[in-house]
Amino acid sequence: MVKKLLRKACLLLLFISAFLMLSITSNAEEPPPFSDVNKESWYSESALYSFKYGYVNGTSDGLFSPDTNMTRAMAVKIFHSMSGDESEYTDNPFIDLKEGAWYHNSVLWAYNTSLTSGTGADRFSPDTNITRKEFATLTFNYYCSLFHDNSAAPTKLTVYDFTDYTNIPDYALEAFEWAVRYGIITGFPDSTLRPDALITRAEAVKIIHYFDVSFSHKFVTVEYRERSCTEDGHAVYKCTLCNTQREVDTKGYHLWDNWVQTIAPLCVSNGERVCSCTVCSIQKREILPKRGYHTYGAYTIKSEPTCIKSGTQTAICTLCKHTDEKSIAPTGVHIYGDWTVTKKASRQTTGIESRCCKHCSDKKSRVYRDSSYYQIQNTVIIPSGGYNVSTDNIGLKVIYINKRLLGTTNASYTAETKNAVRNFQRNNGLSATGVVNLSTWLMMGYSQESWYSLASYVTPKRIGEYNTREECIEAMISVAKEYAQMGTVYRIGCSGKPGTYADCSGLIYQCLYAVGINPDTNIIDHGLAIYEYTSYYLAKDPKLGLSVPTDSMERGDLVFYANNGDSTVCHVGIYAGNGMIYDAWPYVGTTYRSVNIRGCHVVKAIRVFP
């Protein structure tokens, strides 16, 4: 009797031990199935519930992809899994349903059980994203045809409590009314249902979870084996209402943490990164391919490029210290040395200066004049044209005054001009001096800029830094030709722009300015009545050039005239060759004509570039 009691006690202890071990094993925390599902998220419970009962398997190992849009194939796969129907269906009306696709049997099940009839034209469109109204309709269709029990209590909400209920189409209205009434769809915080929006996987499992808890089987766990990183899990569930049994297999896989770079890839060597399983701590390694390129610092000049020779520059890779060398294209720009005289100038001859490039044989030359002559200037600078105008003046400013007050283009400041100026000043509240100052000029309606510039125009230089005697001569003649072609009118004391007013001396001044020659008497002096015949002063100026016989004139020579029976110079032109000159003449303007002028004779010729 005692032995039997001891035997029973031992068996009871063994049973209790086994029960405790089973309890400990079954209560051990299972590894989380998805690494991208936060336990605190609004959908986490629904995602884990749907995974537990085999409704969803994730999009890849360890990923649920909650924000990914649900496709039509995913949707029917969920409802097929919920039904537990393992029948094989062969009636396939869809031309876009591929044999062997992971959703193939689920689509046929959905069609043959009237859950959906496709999208039309013999198509199911498995990869098309599904909207919330379409998913609600599928859920309602499943409820109508396949639900097991209705233990859900209705809520107080209706679709009309949502601001966008008018967006629900007629075919989906009943489904939304049912889903809202039983709390399967609760809408968004802004009181909208968004029937036309695409539904995400997170939103879909939330609906499935609420529906399954309220309207489907009531499963309890009969058998359970946890999934591990290397072994599949297995569970058997049995419905307490109808004894329907479901087996769910879960594939074993690692839940990998983020990659951590352990060796950085360099220009010419591979790197490595490591990833650890969050459950079992096993690691996997991956080779990071070498960069295949260098990261160079700033380039420094090793040898400077020249006009014809390439230079070099180098830089060092900041990672592997490799040195890169690049060529620098030739600059194409010559670096010239100092000027040297290759032909000495004299009063009888124009000189030549040359200089050579320091790196090649390129040579540049320019003319220069004897030191007793005016030198060629880079920029011709004359006194300001902002002078007051009175009876002492002639020229352009006087023309503008006469034009404004007397309606004439007379270039002389006459007594009539002075009286008209006084009257204008008196009538306009100015001091009646008869002398035009800036205030009077502005009151006449002219600009301040014209006050300074009108009588001080200087032809821009027409020869470059490098030039020849012939180029200088042609530059002077080109100015005279331009004045003639533009119909420049003759007025005494004027040296304006081409096409305005100029007299003979004014024309010659502009020819000289074009080659950088600036005589002591200038166009500002030329606007004074005492310099009316400036040609006289030019002819007497020894620094202007070489006097040459009048019967041996060459192109570019200045030709001076006197009236017949007189030897005093009163006119000047520039010889153009072949017995022709350019000059400015009263009532004719700037013209191109014979060197022989009626009523005058040539008394002198000056060669500016002998």
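The values are calculated or read from the model by the stated rules, or taken from the named source; none is laboratory data. Predicted model, so just to flag it, every value in this text is computed and none were measured. Neighbour counts run over all protein chains shown; Cβ positions are idealised from the backbone, glycine included. Just the protein is used for accessible areas: all its heavy atoms, side chains included, with ligands, DNA and RNA removed. Shrake-Rupley method; radii C 1.70, N 1.55, O 1.52, S 1.80 Å.
With respect to the conditions (1) modelled with pLDDT of 50 or more; (2) open to solvent by 60 Å² or more (accessible area, probe 1.4 Å), SER46 falls short on a single one, namely (2). Pull up the stretch 116-152, narrow it to residues that are over 23 Å from ARG201 (Cβ atoms) and open to solvent by less than 40 Å² (accessible area, probe 1.4 Å), then point me to the one that is modelled with the highest pLDDT. Ranking the qualifying residues of the stretch 116-152, first place goes to GLY120.
Quick check on my filter: what residues within the stretch 524-550 are of a type in the set (D, E, K, R) and within 22 Å of ALA605 (Cβ to Cβ)? Please lay out each step first, then the result.
Applying the first criterion (of a type in the set (D, E, K, R)) to the stretch 524-550 yields 525, 532, 540-541, 543.
Once the filter is applied, which keeps residues that are of a type in the set (D, E, K, R) and within 22 Å of ALA605 (Cβ to Cβ), the stretch 524-550 yields LYS540, ASP541, LYS543.
Tell me, which residue of the stretch 512-570 that is within 60 Å of the chain's Cα centre (by Cα) and open to solvent by 30 Å² or more (accessible area, probe 1.4 Å) is farthest from LEU454 (Cα to Cα)? Residue satisfying both the conditions and the ranking: GLU554. Evaluating GLU482 against the criteria (1) modelled with pLDDT of 95 or more; (2) out of contact with any Pro (no Cβ under 9 Å at 6 or more places or on another chain); (3) in a helix (DSSP H, G or I); (4) open to solvent by 40 Å² or more (accessible area, probe 1.4 Å) leaves one unmet condition, (2). In the stretch 310-363, the qualifying residues are those that are of a type in the set (Lys, Arg) and under 30 Å from THR295 (Cβ atoms), and the one that is most open to solvent (accessible area, probe 1.4 Å) is LYS321.
Taking the criterion of being within 22 Å of LYS403 (Cα to Cα) and not in a loop (DSSP other than H, G, I, E, B), the only residue of the stretch 505-524 that qualifies is GLY506. What tally of residues in the stretch 485-500 results from selecting those that are surrounded by 20 or more Cβ atoms within 10 Å (Cβ to Cβ) and out of contact with any Gly (no Cβ under 8 Å at 6 or more places or on another chain)? Total satisfying the criteria: 1. Against the test of being surrounded by fewer than 19 Cβ atoms within 10 Å (Cβ to Cβ), modelled with pLDDT of 95 or more and touching a strand residue (DSSP E or B) at 6+ places or on another chain (Cβ under 6 Å), the options ARG422, ARG469, ARG426 yield a single qualifying residue, ARG469.
Among all residues of the stretch 362-383, there is none that is more than 27 Å from VAL515 (Cβ to Cβ), within 56 Å of the chain's Cα centre (by Cα) and polar (S, T, N, Q).
The residues of the stretch 419-476 that are of a type in the set (S, T, N, Q), under 24 Å from HIS526 (Cα atoms) and under 57 Å from the mean Cα position of the chain (by Cα), listed by number, are ASN437, SER439, THR440, SER447, GLN448, SER450, SER453, SER456, THR459.
Just one of the numbered conditions (1) over 23 Å from ASN522 (Cβ atoms); (2) at pLDDT 95 or above; (3) open to solvent by less than 40 Å² (accessible area, probe 1.4 Å) is not true of ASP370: (1).
Output yes when any residue across the stretch 178-198 is of a type in the set (S, T, N, Q), in a loop (DSSP other than H, G, I, E, B), buried (at least 19 other Cβ atoms within 10 Å of the Cβ) and out of contact with any Gly (no Cβ under 8 Å at 6 or more places or on another chain), and no when none is. Within the stretch 178-198, not a single residue is of a type in the set (S, T, N, Q), in a loop (DSSP other than H, G, I, E, B), buried (at least 19 other Cβ atoms within 10 Å of the Cβ) and out of contact with any Gly (no Cβ under 8 Å at 6 or more places or on another chain). Close contacts from the stretch 451-479, counting a first residue that is farther than 20 Å from PHE609 by Cα and a second that is open to solvent by 70 Å² or more (accessible area, probe 1.4 Å) and part of a loop (DSSP other than H, G, I, E, B), with Cβ to Cβ under 6 Å and a gap of 6+ residues or different chains, come to TYR457/LYS497.
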